[in-house]
Amino acid sequence: MLSPERRPSMAERRPSIFAHALTPLVVPHLAGIEDPLPATTPEKVDVLIAGSGMVESVLAAALAWQGSTVLHIDKNDYYGDTAATLTVDQIKRWVNEINDGKIPYYENAKLYVSTEIGNGKYNSRDFGIDISPKILFTKSDLLSILVKSRVHQYLEFQSLSNFHTYENDSFEKLTNTKQEIFVDQKLPLMTKRNLMKFIKFVLNWEEQPEIWKPFAEKSIAEFLIEKFKLERAQVFELIFSIGLCYNIETKVPEALQRIRRYLTSFDVYGPFPVLYSKYGGPGELSQGFCRSAAVGGATYKLNETLVSYNATTKEAVFADGSKVSVMEKVIMSPTQVNQNSKNVPEQPYQIHRLTCIVEKDCKEWFSEGESAAMVVFPPGSLKSGNKQVVQAFILGAGSECCPSGTSIWYMSTTEQGVRAEMDLDAALEAMELSILRESSTDLENDNDIVQFGMNGQTVVNSVRLGQSFKEYVPREKVHFLCKLYYTQYTSTPPFGVVDPSLFEKNVVSDKFIPGASDNGVLYTSMPSAEISYDEVVTAAKVLYEKIVGSDDDFFDVDFEDDDDTQAGPADNSNYENAIDDEDEDDDMGMGKNESTEFVGEMEI
Amino acid sequence: MHGVKRRQWSRELLKQKRIEDEKKIKQYRSLVDTVLNLKETQIYTKDSLKLSKEVLQWNPEFNTVWNFRRDIIENVKGQLDVTFWEDELNFTMAELKKFPKVYWIWNHRVWVLKNHIDSSLKIWQRELIIVNKLLDMDARNFHGWHYRRRIIKVIEDRTGKSNDHEELELTTQKINKNISNFSAWHQRVQLITRMNDTDEFENRKEFITNEIDYITNAMFTDAEDQSVWFYMEWFLEYEMVSKVLNHNEYTTILNKFQSNILIINEDDKEFSGKENPWCLKMLIIIEKLQTNLGIEIKDGKSKEWIAKLIEADPLRKNRYLYLLHEEK
């Protein structure tokens, strides 16, 4: 059954940037989207995976390419599960299902949708809302796997360079590169020096234990202030915007790891640390991996619920009465369980999310040519007296997730319980006020606020901006097209460093519970609060190892056309093109940068 | 090329590569023999032109063949139209993309531009845009900088107008992007010297003051980068600076540098327990400059700093011992 309410899939869109590529790209079709579902399921498979979220989809592709036969099902009529990108109508249904108790590990869903969506200016399908939005660091395990598996060819990526820290009622833009530090005229000389010293240190902090070991058990804030004499503003930027840590107590090694992640990602593909995928985040990526798995031989079926699995007979029974023998393992997302599942790992941690669609393009927050920004509200920066960070990921129309003139604000916090909603509301209010001020037109003539920098570039003095608007009462209001609030549960704590043990212990219980329908089933982890994709590959590898025995050949994909090196002078594929005068595409056609993995033998 | 990773070859791959290489070497050798033979016998034909190109695509380091190629072009010039010259430019560009650090390719490209059938100002200006793009890709390729100077020279000769101010601004931009861009600092030295000699500064004093701020800023941003220290030394010793500034102003500036460098060195010591050799070296230079100015230094620290240098930078111990000897 083809789902009637959904956005065009990647195969239907056929990204135009590949139209001029040398070998026309084929985006493989996916059953249930472009192709009808298979009439019958196979009788025997190696692995059965239930749920098509990020981890499950990466796992499906890895197993399919390793040679296992995979049956991948989802009880929903769309792909993505916990990673789905949904239209407004799909969100309505999703919220109802949560409140009817049909989607476990989500609760307290509240939704407001303006009548302008559906009956007015906008269509439900104009919007693609991620239920767990993510950003991709350019130096990360997932990115190398995207390249290696060629799944990146189905996707389009865009850069995100603007990271703001909310301080003194305004959004401070980060000063984080050597160049920015060097040319910044506001920074005192000694601060420049201290900041640079820290940035140099953190790039290979592990090799310098003499510097951080004495602080190993202390918080990163103490370390930065005592050892590097950094000021509060820089400390907050480093911990919360660059490191994307959740609170001030984060320990030194964890925080250093996270800060380094940002810095080493900077300038890999250009002057930005992260990418996000157009048309939707994890929803697109998981679908991409499903397509790859399908090419590798996996069978797909939507609208299929696993009712029970018998570990002794190895028989899995589905809601429609069909059966399959599973030779190796059954993998299941906690969202796909049925009534008699008794082995699901505990999901004690809450993530609270508030997602809003606003009728404002928010370009004030984006870098030129970009369409996304991160805003971080450090502890204590909000009216609610927040103890945990609130992270906001903003997507503009350029992301093709919303129509022009609108944007999507994704806010989330790791705060637990009732406080969380208060923090999110306070962050929303701060963002609302801030966008009204910054998009207000009488700003440009104020000489105190707009200054000209060393090379003639405009520098907006955000500190003054904050002060001069302290008393500002906006004349207009932000128009909300949609507001969505929900709580998600996960077994993964807000972590500092991705550690396989985080996922290991959640995967399986060895207990055999009489009457349980899921004895022997391996469980995947619900998405954590982490805003980046960093947990995905580690979590998928843990499961992969449990099934295959080792993770040595995890995505050890050998595409046949990889090694066709021909003899002859015209062949320059042996050398990394030192100078490439092709214009950089905003859309990061990463297809042509594939050689990140393949580099010439000659050092020029 | 900066930032290019070496490729790891597995034993299996290496073996396979050897076999393929052998084939290529054979092919290459016979081609080279043919072309050198043509050169010996002075066969200047379009055919020779084609073969010489093939050799150069294999091996752009073969300068003899580049020379031969130019001889052929000279001889068959009458038969060559605009397309040939444009193709020749495309050919050298394709080669530069692969081998950005081969002198002969850069050399040949300039020759092509000079002998181009339509060697107008326009093609030189176009060339400037191209070289700017190259420098954007790798701002630290000194070939690119050198080549750029050659282009600018031709443009300046033809327009009779100096580009120095724009050029200086370009070095600022490149340095802002990356303080460690030694080529850009070097270019800055060249430009300032020339602009001083040809009297191009509107206000020398203002320029000097700004430059001192710029250096100070750079030194605080990265006190381990040698380009900054080298440039600082050159600038403080540069005759224009001591001539334009009066005795008092110059002394004040030296003192200011001295105290800033002391702050940085102290800070380094507190952080890592080690002295910063660059700071020590510069302190010694400044003290020497002060002495040369006739300033009486009551308790000169140079000896102490040299002693510390020996400890902080033992690799150059003998050089410092020599300096210490000089001090006496």
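The values are calculated or read from the model by the stated rules, or taken from the named source; none is laboratory data. Predicted, not measured: the structure shown is a model, and the values here were computed from it. Positions of Cβ are backbone-derived with ideal geometry, glycine not excepted, and every protein chain shown enters the neighbour counts. Accessible surface areas use protein heavy atoms only, side chains included; no ligands, DNA or RNA. Shrake-Rupley method; radii C 1.70, N 1.55, O 1.52, S 1.80 Å.
Below are the figures for this structure:
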| item | result |
| --- | --- |
| Matching option when the condition is under 29 Å from the mean Cα position of the chain (by Cα) and of a type in the set (Ser, Thr, Tyr), among B:TYR250, B:TYR238 | B:TYR238 |
| Selection from region A:481-540 of residues that are under 23 Å from A:SER241 (Cα atoms), among the β-branched types (Val, Ile, Thr) and either outside the structural domain of A:VAL337 (by TED's automatic domain parsing) or at pLDDT below 80 (or both) | A:THR492, A:VAL497, A:VAL498 |
| Residues satisfying the stated conditions in region B:215-232, i.e. in a helix (DSSP H, G or I), facing chain A (nearest Cβ under 10 Å) and farther than 16 Å from B:LEU245 by Cβ | B:ASN217, B:ALA218, B:MET219, B:PHE220, B:THR221 |
| Conditions (1) surrounded by fewer than 19 Cβ atoms within 10 Å (Cβ to Cβ); (2) without any contact (Cβ under 8 Å) to a residue 40 or more places away in the chain; number of the one not met by A:GLU107 | (2) |
| Of residues in region B:13-42 being more than 12 Å from chain A (Cβ to nearest Cβ) and modelled with pLDDT under 90, the one nearest to B:THR92 (Cα to Cα) | B:ARG18 |
| Helices (runs of 4 or more DSSP H) wholly inside region B:1-91 that include at least 3 residues being of a type in the set (S, T, N, Q) and either open to solvent by less than 60 Å² (accessible area, probe 1.4 Å) or within 27 Å of B:ASP118 (Cβ to Cβ) (or both) | B:46-58, B:63-76 |
| All positions within region A:154-175 that are outside any strand (DSSP E or B) and touching an Asp or Glu at 6+ places or on another chain (Cβ under 9 Å) | A:TYR154, A:LEU155, A:GLU156, A:SER161, A:ASN162, A:LEU174, A:THR175 |
| Residue identified as in contact (Cβ under 8 Å) with a residue 24 or more places away in the chain, within 14 Å of chain A (Cβ to nearest Cβ) and farther than 26 Å from A:PRO271 by Cα among B:ARG109, B:ARG69 | B:ARG109 |
| Filter result for the condition that a residue is farther than 28 Å from A:VAL521 by Cα and either surrounded by 21 or more Cβ atoms within 10 Å (Cβ to Cβ) or assigned by TED's automatic domain parsing to the domain that holds A:GLY67 (or both), over A:MET332, A:MET374, A:MET327 | A:MET374 |
| Condition check for A:PHE137: modelled with pLDDT of 95 or more, at negative phi and either surrounded by fewer than 22 Cβ atoms within 10 Å (Cβ to Cβ) or within 14 Å of chain B (Cβ to nearest Cβ) (or both) | yes |
| Breaking point among (1) more than 14 Å from chain B (Cβ to nearest Cβ); (2) open to solvent by 10 Å² or more (accessible area, probe 1.4 Å), for A:LYS227 | (1) |
| Any hit, region B:155-171, residues being among the acidic types (Asp, Glu) and either within 14 Å of chain A (Cβ to nearest Cβ) or touching a Pro at 6+ places or on another chain (Cβ under 6 Å) (or both) | yes |
| Residues located in region B:112-137, provided they are open to solvent by less than 40 Å² (accessible area, probe 1.4 Å) and within 14 Å of another protein chain (Cβ to nearest Cβ) | B:GLU127, B:VAL131, B:LEU134, B:LEU135 |
| Single condition B:GLU275 does not satisfy, out of (1) more than 13 Å from chain A (Cβ to nearest Cβ); (2) assigned to a helix (DSSP H, G or I); (3) open to solvent by 10 Å² or more (accessible area, probe 1.4 Å) | (2) |
| Selection count, region A:383-401, where residues are open to solvent by less than 10 Å² (accessible area, probe 1.4 Å) and assigned to a loop (DSSP other than H, G, I, E, B) | 3 |
| Qualifying position, being open to solvent by less than 50 Å² (accessible area, probe 1.4 Å) and either among the hydrophobic types (A, V, I, L, M, F, W, C) or closer than 30 Å to A:LYS323 by Cα (or both), among A:ASP77, A:ASP130, A:ASP35 | A:ASP77 |
| Of residues in region A:49-74 being part of a loop (DSSP other than H, G, I, E, B) and farther than 16 Å from A:LEU30 by Cβ, the one least open to solvent (accessible area, probe 1.4 Å) | A:SER68 |
| From A:GLU254, A:GLU206, A:GLU222, A:GLU284, residue being assigned to a helix (DSSP H, G or I), among the charged types (D, E, K, R) and either crowded, with 24+ Cβ neighbours inside 10 Å or within 14 Å of chain B (Cβ to nearest Cβ) (or both) | A:GLU284 |
| Matching residues, region A:166-191, being within 9 Å of another protein chain (Cβ to nearest Cβ), more than 32 Å from the chain's Cα centre (by Cα) and among the charged types (D, E, K, R) | none |
| Qualifying residue in region B:172-183 (condition: open to solvent by 30 Å² or more (accessible area, probe 1.4 Å) and farther than 29 Å from A:ASP184 by Cα) | no |
| Test: residue in region A:86-97 that is assigned to a loop (DSSP other than H, G, I, E, B) and at pLDDT 95 or above | yes |
| Verdict on A:LEU187 being open to solvent by less than 20 Å² (accessible area, probe 1.4 Å) and more than 30 Å from A:VAL557 (Cα to Cα) | no |
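Residues are listed down the side, and each one gets a yes or a no for (1) among the aliphatic types (A, V, I, L, M); (2) touching a helix residue (DSSP H, G or I) at 6+ places or on another chain (Cβ under 6 Å); (3) surrounded by 22 or more Cβ atoms within 10 Å (Cβ to Cβ):
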| position | (1), (2), (3) |
| --- | --- |
| A:LEU111 | yes, yes, no |
| A:TYR122 | no, no, no |
| A:ASP126 | no, no, no |
| A:LEU143 | yes, no, yes |
| A:ASN168 | no, yes, no |
